[in-house]
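Asks: Before we start, here is the structure in question, set down as structure tokens.
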Amino acid sequence: MFCRGGGVLVQQKKRSLVAASAVAAADCVVRVAKRQRQRQQPSLDALPDECLFEVLRRLPGGRERGASACVSRRWLGLLCSIRASELNQATAAAAAPSLPDLNEEFVMEEEEEEESPVVDPCVERVLEGKEATDVRLAAMAVVAGSRRGLEKLAVRGSHPTRGVTDQGLLAVARGSPNLCSLALWDVPLVTDAGLAEIAAGCPSLERLDVTRCPLITDKGLAAVAHSCPNLLSLTVESCSGVGNDGLRAIGRSCSKLQALNIKNCVRIGDQGISSLVCSATASLNKIRLQGLSITDASLAVIGYYGKAVTDLTLVRLPAVAERGFWVMANAAGLQNLRCMSVTSCPGVTNLALAAIAKFCPSLRQLSFRKCGHMTDAGVKTFTESARLLESLQLEECNGVSLVGILDFLVNCSPKFRTLSLVKCMGIKDICSTPAQLPLCKSLQFLTIKDCPGFTDASLAVVGMVCPYLEQVDLSGLHEVTDHGLLPLINSSEGGLVKVDLSGCKNITDAAVSTLVKGHGKSLKQVSLEGCSKITDASLFAISENCTELAELDLSKCMVSDNGVATLASAKHLKLRVLSLSGCSKVTPKSVSFLGNMGQSLEGLNLQFCNMIGNHNIASLEKQLWWCDILA
């Protein structure tokens with residue numbers, strides 16, 4: 001019995017095992033069948049790149065191409081490899097259906113009418129910081145390719161790990177043949193190969209700006225010169241791989257070049273600058289050279305061949321001596337020079353200044369910064385020859401004093417309108433006032449800023465010399481008080497339009513009241529930032545007398561809620577910009593007054609007003625929803 005029963009159990013176990021194995025086999029067959037069916041389902045991904053390329057280049061419109069670019073990186077890469085010429089041919093071939101549908105035509109016309117206002121004939125894009133990647137640049141090129149492609153592109157910075165490389169520029173070159181302006185700032189992974197692709201694919205390139213791109217060398221510039229003969233503007237900054245050969249190539253091939261900006265390139269010297277200037281003598285009208293190891297030879301070439309130059313900027317050229325500036329001027333080629341700016345060049349002396357004035361007859365704007373070898377004698381000699389000068393700016397030129405400026409004003413051109421003196425330690429009170437003061441009726445814009453030796457006595461003299469001022473900037477003159485400002489205000493026969501007294505901590509309400517009473521009908525902009533003695537009395541005077549005032553800066557003044565209420569109640573006052581930054585006496589009570597300022601208010605600064613909370617700002621933003629509020 002026991003043995004027989006045991007045999008029955010063994011047979012049952014065998015039957016169950018056989019059944020289980022049969023079920024498993026059936027499941028396996030079902031899974032295999034499903035896989036085979038899935039494999040048999042059609043998919044574009046199964047196509048090789050060559051076939052998928054042909055499919056994608058026949059997409060009818062930009063919207064379809066943009067949607068396809070989002071499918072995968074493979075599709076995006078293939079779309080980027082399609083040249084604009086190939087895309088247009090494919091679209092044109094598929095444009096005419098054999099059996100037109102009237103309904104379909106009507107719909108298409110309607111869509112075109114809706115989209116036509118959106119199309120911008122000048123497609124401009126900017127990529128900054130972490131957004132600057134190859135994928136984003138490629139997608140941008142694909143989408144813009146449906147609208148003639150990109151025409152202006154700027155890449156500023158790069159993603160730290162997936163930054164823009166030559167592949168991104170390749171996509172732009174193939175999809176945007178009409179690109180006319182390219183700026184690459186801080187793009188360390190772009191090489192000559194990427195720049196060569198741009199040059200080959202974008203022959204209409206007119207403006208190229210390459211800044212802090214260490215892998216770009218002379219080969220990249222040579223490729224641009226060979227393929228882009230219509231280049232008009234070239235900027236190269238802090239590119240250690242670019243040298244004289246690159247500039248020579250540009251000079252040989254780009255005869256239409258109009259603007260040249262070379263900055264902090266250690267391998268560029270006299271040979272590169274001289275070769276380019278000689279080759280582009282007929283068209284080059286704007287030159288900026290900064291931080292280069294060039295010598296007097298380059299300036300001599302500029303002076304002789306710069307016949308079309310109208311704007312010349314020279315910054316930090318330590319190897320250029322007095323002889324360089326003298327020869328540049330005496331070469332008599334800068335007859336059309338209108339604007340000249342020189343910064344931190346030890347070669348600027350009185351002799352150089354006299355030569356520039358004598359041989360640059362068209363000079364109208366002159367700016368010198370950190371040129372310590374200039375003195376009063378040079379300024380006086382200059383003004384005797386420069387008969388068309390309209391603007392003079394001196395910054396940190398400590399050899400020039402107020403005596404030299406007065407001599408300059410005696411003989412200045414009748415067209416002279418702008419004088420700016422910034423951080424000039426020599427501009428200070430003089431011991432004795434000249435017996436005969438000059439009268440400069442043409443001067444309208446005066447800036448005397450951050451000159452610590454300039455006080456009330458000197459300011460009173462300026463008021464007598466310049467009776468027709470319109471804009472006055474006296475910011476940073478800590479020693480000036482009402483006694484010096486009042487004569488300037490009272491002697492002004494014309495109407496003052498813009499007055500900047502920022503940092504004049506000794507100015508009081510009396511001077512402001514006199515200012516607005518005498519010039520309230522013409523004043524449009526007043527800045528009293530940091531004038532700690534200004535109180536609500538000035539605001540009362542402003543609200544009563546100013547009818548054209550548009551911008552008012554009261555930062556760090558001692559104004560309170562009463563003054564703000566007075567400004568808000570002046571219905572004739574149409575302020576566009578008001579700053580109350582750092583006004584410790586302004587409280588939440590002012591919020592309701594500010595809410596009634598009117599729709600003319602476009603900007604309101606309430607930063608560092610610690611008594612006004614976030615909920616007050618939120619309430620104010622609802623009232624002034626059109627206004628830009630800083631808090």
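The values are calculated or read from the model by the stated rules, or taken from the named source; none is laboratory data. No experiment lies behind these values; they were computed from the predicted model shown. In this analysis, Cβ positions are derived from the backbone assuming ideal geometry, glycine residues included, and neighbour counts consider all displayed protein chains. The protein model used for the area step is the full one, side chains on, heavy atoms only, and it has no ligands, DNA or RNA in it. Shrake-Rupley method; radii C 1.70, N 1.55, O 1.52, S 1.80 Å.
Asks: Based only on Cα atoms, what Rg/Rh ratio does the stretch 495-630 have, Rh being taken as Kirkwood's radius?
Replies: Value, to two decimals: 0.94.
Asks: Something else about it: Given the pairs LYS256/LYS358; LYS358/LYS423; LYS263/LYS286; LYS358/LYS449; LYS556/LYS589; LYS380/LYS423, which span a C-alpha to C-alpha distance of over 23 angstrom in this model?
Replies: LYS256/LYS358; LYS358/LYS423; LYS358/LYS449
Asks: Farthest toward the dipole's positive end in the stretch 495-630, which of GLN599, ALA618, ALA541, given Cβ charges of +1 (Lys, Arg) and -1 (Asp, Glu) about the Cα centre?
Replies: The residue sitting most towards the positive pole is ALA541.
Asks: Sorted by accessible area with a 1.4 angstrom probe, largest first, how do HIS478, HIS159 fall?
Replies: Ranked from most to least accessible, the order is HIS478, HIS159.
Asks: Jot down the radius of gyration and Dmax of the stretch 186-264, Cα atoms only, both in angstrom.
Replies: For the stretch 186-264, the Cα-based Rg and Dmax read 11.0, 30 Å.
Asks: What does the net charge come to around THR383 if you take all other residues with beta carbon closer than 15 Å to its beta carbon, with K and R at +1 and D and E at -1?
Replies: Net of charged neighbours comes to +2.
Asks: Multiply the residue separation of ALA537 and GLN471 by 0.36 nm, subtract the distance between their alpha-carbon atoms, and state the gained length in nm to one decimal.
Replies: 21.4 nm
Asks: If I take R0 = 25 Å and measure r between the Cβ atoms of HIS483 and LYS428 in this structure, what FRET efficiency does the formula 1/(1 + (r/R0)^6) give, to the nearest 0.05?
Replies: According to the calculation, E is roughly 0.90.
Asks: Still on this structure, I have one more. On a 1.4 Å probe surface of the protein chains, which of TYR304, TYR468 comes out largest in accessible area, and what is the full order?
Replies: Listed by decreasing accessible area, they come as TYR304, TYR468.
Asks: Mind listing the long-range amide H neighbours of ASN605? Cut-off is under 5 Å, sequence gap 5 or more, other chains count too, H placed in the peptide plane at 1.01 Å from N.
Replies: LEU578, SER579, LEU580, LEU630
Asks: Still on this structure: Taking 7 Å along the Cα-to-C-beta vector as the label spot, tell me the MET464-ILE629 distance in nanometres, rounded to one decimal.
Replies: 5.1
Asks: Further question: Calculate the FRET efficiency for ASN614 and SER522 from the Cβ-Cβ distance with a Förster distance of 51 Å, rounded to the nearest 0.05.
Replies: 0.85
Asks: Pulled fully out, how much extra length does the chain show between ARG387 and SER592, if you take 0.36 nm times their separation in residues and subtract their Cα-Cα distance?
Replies: 68.2 nm
Asks: Right, another one. Using the heavy atoms of the protein chains alone and a 1.4 angstrom probe, what is the accessible area of the stretch 495-630 per residue in square angstrom?
Replies: 44
Asks: So for the pair ARG156, GLU396, with labels modelled 7 Å out along Cα→Cβ, what separation do we get in nm?
Replies: About 2.5 nm separates the two model spin labels.
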